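Asks: One structure follows; several queries about it will come next.
The values are calculated or read from the model by the stated rules, or taken from the named source; none is laboratory data. Predicted model, so just to flag it, every value in this text is computed and none were measured. For neighbour counting, all protein chains shown are included, and Cβ atoms are generated from backbone atoms with ideal geometry for every residue, glycine included. Protein only, heavy atoms only, side chains kept; ligands, DNA and RNA dropped before computing areas. Shrake-Rupley method; radii C 1.70, N 1.55, O 1.52, S 1.80 Å.
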Amino acid sequence: MKCGFAREIITPKIGVPLCGYFDPRPNDGAFDELYIRVLALEMADGGMCAILSADVCFIANDLIERCKAEMAKAGIDWADQVLFSATHSHTAPYPDRFFGDDPDEEWLQTFAERSAAAVKRAAANLQESEFCTGKTFCDTLAFNRRYWMKDGSVLTNPGKLNPEIVKPEGAVDYSIPMLAWKIGGKLAALIVNIVNHTDTIAGNTVSADWPGRMEREIQNQLGYDVPVITLIGASGNINHFDNSTDRDQASFEEAKRIGKEYAAKIVPALADLKTVGSAGVKLVSDKITIPYTVITDEEVAKAKEVLAKPFDPNEEAEMTASGLARGEGPVARFFADQLLTFRETCVGAREFRLLSIQFGDNAAIVTLPGEPFTEIGLAIKAASRFETTVVSALSMGECGYIPLPECFGRGGYEILPVEGGGPAHDTAPRLIEAASALVK
């Protein structure tokens, strides 16, 4: 198998707002660089494909099309064979309009141009390689963030040591599938598939969060700069908060801790990588239409009631999912306003491509748009015929959180309709069926 790697820096200039929370945050500098990482692969039919992972919160359809246009200008006639994914950093610029705020146009153009440059350079770097697969586990860093409460409701991030917590609502996928390429016996590129949210640091300072720190730690332990691409798994209901402790888990120090702990699980497992022979590469794809959810007149009336209530403009409240769990006024008003905006602007349906890059009969990557709940990824893995199946969420477009049908009506942040999100309630089983068909 021939592979080639390249990366480009996409760290923004000072002052460009960061995406991921309810308010824009003009950045005050950077802890570390943001990158676009690209692994190019020659397929069995002689064509090319590539895996592009970017240190951004999400990948929107408009941004994908913009990148493809730049790739065409660069002479790349196989841009439809590029898998676009995001590491989900909440300390990176807006990749598209989000919660009513617009992205920085100059940075978007830089992103598109550098994605084309990285793909072109990765393709120029093709070398014969040895393809390997592996797997490890980590059960200390990821938690289902939706909890059943004593009143029978479900809350997202209900607060550390909250005595009203009964139990988590759902499962956690602790497995870490790995794909690796060796050149001359030395590890030349590594893909790791981790199911966890990338929202550790908070604040206004740019960072690639724990995936960036994990790559750095793996490189430190191996003694050279092996490229590490993190493909985030189905983690819409998963994050790193351990609510059984009161430890502060929102800081750059926490990102470093998580990165180091994942590296501590991954590096020893590299010794057990299994070489896969005759693993010709092919790409298969399909399309799925995801309608927007329909907002009822009753929901509109309730939202208007929230917005009609008197409020103190100087009221201080935490504009986070935790603030929502506590029912704080500003957050409730924010989501009421989003519901009304959603009803006016989000009508009809969106179409997404599902891609599967397959390596012989041994391993496959399959994409999911948006932020699907972890049970969706587990169901696709269970249906797959491949020994190693990498479920790459936050890929090939953005449609918001994708909860299970039974989660709607229980409560929690993820079920709320927001501009650009709000998929129909039956999206999860339809997505499982469509993605599973690519890897059965």
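Asks: What tally of residues in the stretch 1-12 results from selecting those that are within 24 Å of Ile201 (Cα to Cα) and not in a strand (DSSP E or B)? Talk me through it step by step, then tell me what you get.
Replies: Going residue by residue through the stretch 1-12, those that are within 24 Å of Ile201 (Cα to Cα) are 7-12.
Applying the additional criterion that residues be not in a strand (DSSP E or B) yields 10-12.
Qualifying residue count for the region: 3.
Asks: Residue check: is Ala69 among the small types (Gly, Ala, Ser) and either crowded, with 22+ Cβ neighbours inside 10 Å or within 14 Å of Glu8 (Cβ to Cβ) (or both)? Please lay out each step first, then the result.
Replies: Working: among the small types (Gly, Ala, Ser): yes; either crowded, with 22+ Cβ neighbours inside 10 Å or within 14 Å of Glu8 (Cβ to Cβ) (or both): no.
It is false that Ala69 is among the small types (Gly, Ala, Ser) and either crowded, with 22+ Cβ neighbours inside 10 Å or within 14 Å of Glu8 (Cβ to Cβ) (or both).
Asks: Pick from Ala303, Ala325, Ala279: which is modelled with pLDDT under 90 and in contact with a helix residue (DSSP H, G or I) (Cβ under 9 Å, 6 or more places away or on another chain)? Walk me through how you get there before you give the answer.
Replies: On the way: Ala303 fails: modelled with pLDDT under 90; Ala279 fails: in contact with a helix residue (DSSP H, G or I) (Cβ under 9 Å, 6 or more places away or on another chain).
From the options Ala303, Ala325, Ala279, the qualifying one is Ala325.
Asks: Same structure, new question: Among the strands (runs of 3 or more DSSP E) confined wholly to the stretch 119-219, which include 1 or more residues that are open to solvent by less than 10 Å² (accessible area, probe 1.4 Å) and either closer than 22 Å to Phe359 by Cα or of a type in the set (D, E, K, R) (or both)?
Replies: Working: elements: 130-137, 146-149, 154-156, 165-168, 175-183, 186-194.
In the stretch 119-219, 130-137, 146-149, 175-183, 186-194 are the strands (runs of 3 or more DSSP E) which contain 1 or more residues that are open to solvent by less than 10 Å² (accessible area, probe 1.4 Å) and either closer than 22 Å to Phe359 by Cα or of a type in the set (D, E, K, R) (or both).
Asks: Also, quick follow-up: If I ask for residues that are at pLDDT 95 or above, touching a helix residue (DSSP H, G or I) at 6+ places or on another chain (Cβ under 9 Å) and open to solvent by 50 Å² or more (accessible area, probe 1.4 Å), which ones from the stretch 337-355 would you list?
Replies: Hits for the stretch 337-355 are Glu351, Arg353.
Asks: Let me ask another. Among the numbered criteria (1) among the hydroxyl-bearing types (Ser, Thr, Tyr); (2) in contact with a Ser or Thr (Cβ under 9 Å, 6 or more places away or on another chain); (3) open to solvent by 10 Å² or more (accessible area, probe 1.4 Å), which single criterion is violated by Thr110?
Replies: Unmet for Thr110, out of (1) among the hydroxyl-bearing types (Ser, Thr, Tyr); (2) in contact with a Ser or Thr (Cβ under 9 Å, 6 or more places away or on another chain); (3) open to solvent by 10 Å² or more (accessible area, probe 1.4 Å): (2).
Asks: Another question about this same structure. Which numbered condition trips up Lys265, out of (1) touching a strand residue (DSSP E or B) at 6+ places or on another chain (Cβ under 7 Å); (2) outside any helix (DSSP H, G or I); (3) open to solvent by 60 Å² or more (accessible area, probe 1.4 Å)?
Replies: (2)
Asks: May I ask you to list pairs of residues, at least six apart or on different chains, whose Cβ atoms are under 6 Å apart, with the first in the stretch 266-288 being basic (Lys, Arg) and the second being open to solvent by 30 Å² or more (accessible area, probe 1.4 Å) and modelled with pLDDT under 95?
Replies: Lys282/Ala44
Asks: Another question, if that's okay. From the list Ile288, Ile295, exactly one residue is over 25 Å from Ile201 (Cα atoms), open to solvent by less than 30 Å² (accessible area, probe 1.4 Å), modelled with pLDDT of 85 or more and assigned to a loop (DSSP other than H, G, I, E, B). Which is it? Quick ask: steps written out before the conclusion?
Replies: Values: Ile288 fails: assigned to a loop (DSSP other than H, G, I, E, B).
Residue meeting the stated conditions: Ile295.
Asks: Oh, and also: So how many residues does the stretch 394-411 have that are touching a residue at least 24 places away in the same chain (Cβ under 8 Å) and out of contact with any helix residue (DSSP H, G or I) (no Cβ under 8 Å at 6 or more places or on another chain)?
Replies: Within the stretch 394-411, the first condition is being touching a residue at least 24 places away in the same chain (Cβ under 8 Å), and the residues that meet it are 394-405, 407, 410-411.
Narrowing the set further to residues that are out of contact with any helix residue (DSSP H, G or I) (no Cβ under 8 Å at 6 or more places or on another chain) leaves 394-395, 400, 410-411.
Of the residues in the stretch 394-411, 5 are touching a residue at least 24 places away in the same chain (Cβ under 8 Å) and out of contact with any helix residue (DSSP H, G or I) (no Cβ under 8 Å at 6 or more places or on another chain).
Conditions (1) among the β-branched types (Val, Ile, Thr); (2) at pLDDT 95 or above; (3) within 19 Å of the chain's Cα centre (by Cα), marked per residue:
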{"position": "Pro211", "(1), (2), (3)": "no, yes, yes"}
{"position": "Met214", "(1), (2), (3)": "no, yes, yes"}
{"position": "Leu222", "(1), (2), (3)": "no, yes, no"}
{"position": "Asp246", "(1), (2), (3)": "no, no, no"}
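Yes/no matrix, rows are residues, columns are (1) in contact with a His (Cβ under 8 Å, 6 or more places away or on another chain); (2) at negative phi; (3) of a type in the set (Val, Ile, Thr):
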position	(1), (2), (3)
Glu387	no, yes, no
Cys399	no, yes, no
Gly409	no, no, no
Tyr413	no, yes, no
Gly420	no, no, no
Pro423	no, yes, no
Ala428	no, yes, no
Leu431	no, yes, no
Val439	no, yes, yes
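Asks: Between a residue in the stretch 70-91 that is over 23 Å from Gly370 (Cβ atoms) and any residue that is among the hydroxyl-bearing types (Ser, Thr, Tyr), which pairs come within a Cβ distance under 9 Å, given they are 6 or more apart or on different chains?
Replies: These pairs meet every condition: Glu70/Ser115; Met71/Ser115.
Asks: When the residues of the stretch 167-198 are filtered to those that are polar (S, T, N, Q) and under 16 Å from the mean Cα position of the chain (by Cα), which remaining residue is farthest from Val154 (Cα to Cα)?
Replies: First, the residues of the stretch 167-198 that are polar (S, T, N, Q): 175, 193, 196, 198.
Next cut, under 16 Å from the mean Cα position of the chain (by Cα) only: 193, 196, 198.
Working: Asn193: 28, Asn196: 20, Thr198: 22 Å.
My answer is Asn193.
Asks: Another question, then. Determine whether the stretch 80-97 contains at least one residue that is part of a helix (DSSP H, G or I) and buried (at least 20 other Cβ atoms within 10 Å of the Cβ). Don't jump to the end; show me each part of the working.
Replies: In the first step, residues of the stretch 80-97 are kept if they are part of a helix (DSSP H, G or I); the result is 80-81.
The next check asks that each one be buried (at least 20 other Cβ atoms within 10 Å of the Cβ); those that pass are none.
No, the stretch 80-97 contains no residue that is part of a helix (DSSP H, G or I) and buried (at least 20 other Cβ atoms within 10 Å of the Cβ).
Asks: Please name all residue pairs, on different chains or six or more residues apart, with Cβ atoms under 8 Å, provided the first residue is in the stretch 242-265 and is closer than 20 Å to Ile191 by Cβ and the second residue is open to solvent by 40 Å² or more (accessible area, probe 1.4 Å) and in a loop (DSSP other than H, G, I, E, B).
Replies: What qualifies is Glu261/Thr140.
Asks: Out of all the residues in the stretch 361-394, which are among the small types (Gly, Ala, Ser) and open to solvent by less than 10 Å² (accessible area, probe 1.4 Å)? Walk me through it before giving the result.
Replies: Narrowing the stretch 361-394 to residues among the small types (Gly, Ala, Ser): 363-364, 370, 377, 379, 382-384, 392-393.
Answer for the stretch 361-394, where residues must be among the small types (Gly, Ala, Ser) and open to solvent by less than 10 Å² (accessible area, probe 1.4 Å): Ala363, Ala364, Gly370, Gly377, Ser392, Ala393.
Asks: Considering every residue within the stretch 98-117, establish whether at least one is assigned to a strand (DSSP E or B) and either hydrophobic (A, V, I, L, M, F, W, C) or in contact (Cβ under 8 Å) with a residue 60 or more places away in the chain (or both). Show your work before the answer.
Replies: The initial filter retains those residues of the stretch 98-117 that are assigned to a strand (DSSP E or B), namely 98, 101.
This time we only want the ones that are either hydrophobic (A, V, I, L, M, F, W, C) or in contact (Cβ under 8 Å) with a residue 60 or more places away in the chain (or both), so: 98, 101.
There is at least one residue in the stretch 98-117 that is assigned to a strand (DSSP E or B) and either hydrophobic (A, V, I, L, M, F, W, C) or in contact (Cβ under 8 Å) with a residue 60 or more places away in the chain (or both).
Asks: Within the stretch 237-254, is there a residue that is in contact with a helix residue (DSSP H, G or I) (Cβ under 7 Å, 6 or more places away or on another chain), of a type outside the set (A, V, I, L, M) and more than 24 Å from Thr133 (Cβ to Cβ)? Working first, answer last.
Replies: We begin by selecting, within the stretch 237-254, every residue in contact with a helix residue (DSSP H, G or I) (Cβ under 7 Å, 6 or more places away or on another chain); these are 237-238, 240.
Right, trim to of a type outside the set (A, V, I, L, M) and you get 237, 240.
This time we only want the ones that are more than 24 Å from Thr133 (Cβ to Cβ), so: 237, 240.
Yes: one or more hits.
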